[in-house]
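For reference, the structure discussed in these notes is given below.
Please treat every number below as a calculation from the coordinates, not as lab data. Bear in mind that the values here come from a model prediction, so they are computed numbers and not experimental data. Positions of Cβ are backbone-derived with ideal geometry, glycine not excepted, and every protein chain shown enters the neighbour counts.
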């Protein structure tokens, strides 16, 4: 079964190293919490808010062992007034036997504000 695993995080600055390292932390957490092997990943899509322009967060995948061939693409997030700033969002599409309810979506830093309903369910 193909499932989407959602993740989001924020950075404090529009800094290339911070963007890459924070994205790496998010993706590694998403994979670990959902028992994802890179061979089961169909693709990873990453969006960033318009205030993040220092680098491509997709560079983070190339720092993770075994992720060399995982297809990844970056894109801008739509610029909605009063939306969360300096936000990196990830959609990882994987082959898994888990049900949708068993998938653990990951929200780090200020991005926990995006889906408090999912965080409450896990407690």
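Annotations
- Taken over the stretch 78-90, the criterion of being closer than 24 Å to residue 24 by Cβ and surrounded by fewer than 18 Cβ atoms within 10 Å (Cβ to Cβ) is satisfied by 83, 84, 85.
- Of all residues in the stretch 24-39, those satisfying the criterion of being within 18 Å of residue 107 (Cβ to Cβ) and in a helix (DSSP H, G or I) are 24, 25, 26, 27, 28, 29, 30, 31, 32, 33.
- Hits in the stretch 7-23 (condition: part of a helix (DSSP H, G or I) and crowded, with 18+ Cβ neighbours inside 10 Å): 19, 20, 22, 23
- For residue 112, the stated conditions do not hold, so it cannot be described as surrounded by 12 or more Cβ atoms within 10 Å (Cβ to Cβ), in contact (Cβ under 8 Å) with a residue 12 or more places away in the chain and under 15 Å from the mean Cα position of the chain (by Cα).
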